[in-house]
Amino acid sequence: GAGSGKTRVLTYRVAYLLATRRALPSQILAVTFTNKAALEVKERLKRIVGPFAESLWVGTFHATCVQILRRHADRIGYKRHFVIYDTADQLQAVKEVFKELNVDAKNFDPRAVLGAISAAKNELVDWPQYQERAGDYWERNVGRFYEKYQQKLAANSAMDFDALLVRTVQLFREHPDVLAEYQERFRYVLVDEYQDTNHVQYVL
């Protein structure tokens with residue numbers, strides 16, 4: 001539960017691995033759920049282990065995936081300097097999709113559509129799978145929007161926040177050599193708030 005000391009345990013576990021020389025800083029990956037928690041872990045580690053903390057990979061799932069994709073995105077058809085869409089960019093993209101499909105935004109809330117797409121991505125369901133499973137009027141339309149939305153992102157070599165995780169899973173699945181590189185590198189993987197991982201985070 002909250003305040004039970006999970007982040008503190010993660011921090012001291014990293015410090016222990018370094019102090020006992022069981023691991024080099026480059027062999028440790030610490031994943032947190034929020035940027036605030038990542039900064040907290042880094043600051044605590046700086047106080048405990050000093051400059052070694054600078055060599056550690058400590059960050060959120062999304063930040064960790066960005067680091068990996070900046071090195072390997074070209075392996076899955078993206079530019080390494082791909083654009084990351086924030087919420088405003090995503091909303092604009094959905095509105096453009098509505099316009100292209102001649103859909104009245106009064107009938108479909110862009111935020112609700114994005115929520116449905118996000119939920120699908122977190123379950124690793126791409127747009128063809130979503131369309132195949134669509135059962136009602138809402139889902140059939142979301143399936144259409146999802147397809148166009150993804151095409152728009154791809155045309156701009158862009159990823160939204162959910163795609164950062166999805167594309168990293170794709171990268172590892174399609175390129176075992178890249179997966180092996182990180183499996184070999186990270187001997188210790190520590191995940192804060194692990195009990196709250198969703199499907200894509202769990203698979204990753």
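Details
- Any hit, the stretch 125-136, residues being hydrophobic (A, V, I, L, M, F, W, C), in a helix (DSSP H, G or I) and touching a Lys or Arg at 6+ places or on another chain (Cβ under 8 Å): no
- Close Cβ contacts (under 9 Å, 6 or more residues apart or on different chains) running from residues in the stretch 101-117 that are more than 16 Å from K148 (Cβ to Cβ) to residues that are part of a loop (DSSP other than H, G, I, E, B) comprise G115/D109.
- Beta carbons closer than 7 Å, at least 6 apart along the sequence or on distinct chains, pair a first residue in the stretch 166-177 that is under 14 Å from V203 (Cβ atoms) with a second that is part of a helix (DSSP H, G or I) and not hydrophobic (A, V, I, L, M, F, W, C) for V166/K121; L171/H72; L171/R75.
- Number of positions in the stretch 90-107 that are surrounded by 15 or more Cβ atoms within 10 Å (Cβ to Cβ) and either of a type in the set (G, A, S) or at pLDDT 95 or above (or both): 6
- Consider the stretch 1-60 and keep the residues that are in contact with a helix residue (DSSP H, G or I) (Cβ under 9 Å, 6 or more places away or on another chain), in a helix (DSSP H, G or I) and hydroxyl-bearing (S, T, Y). The one that is surrounded by the most Cβ atoms within 10 Å (Cβ to Cβ) is T11.
- Selection count, the stretch 178-201, where residues are among the acidic types (D, E) and either surrounded by 18 or more Cβ atoms within 10 Å (Cβ to Cβ) or touching a Lys or Arg at 6+ places or on another chain (Cβ under 9 Å) (or both): 2
- Residues satisfying the stated conditions in the stretch 90-124, i.e. in a helix (DSSP H, G or I), charged (D, E, K, R) and farther than 13 Å from D162 by Cβ: K95, E96, K99, E100, R111
- Residue in the stretch 67-89 that is nearest to S26 (Cα to Cα), counting only those that are in a helix (DSSP H, G or I) and open to solvent by 30 Å² or more (accessible area, probe 1.4 Å): Q67
- Scanning the stretch 23-45 for residues that are closer than 12 Å to R187 by Cβ and in contact (Cβ under 8 Å) with a residue 60 or more places away in the chain gives A23, S26, Q27, I28, L29.
- Matching residues in the stretch 119-175 - criterion: being of a type in the set (A, V, I, L, M), under 21 Å from E100 (Cα atoms) and open to solvent by 40 Å² or more (accessible area, probe 1.4 Å): A154, A155
The values are calculated or read from the model by the stated rules, or taken from the named source; none is laboratory data. The structure presented is a predicted model; accordingly, all values stated were derived computationally and were not measured. No Cβ is skipped: glycine too gets one built from the backbone with ideal geometry, and neighbour counts run over all protein chains shown. The area values use the complete protein model at the heavy-atom level, side chains included, leaving out ligands, DNA and RNA. Shrake-Rupley method; radii C 1.70, N 1.55, O 1.52, S 1.80 Å.
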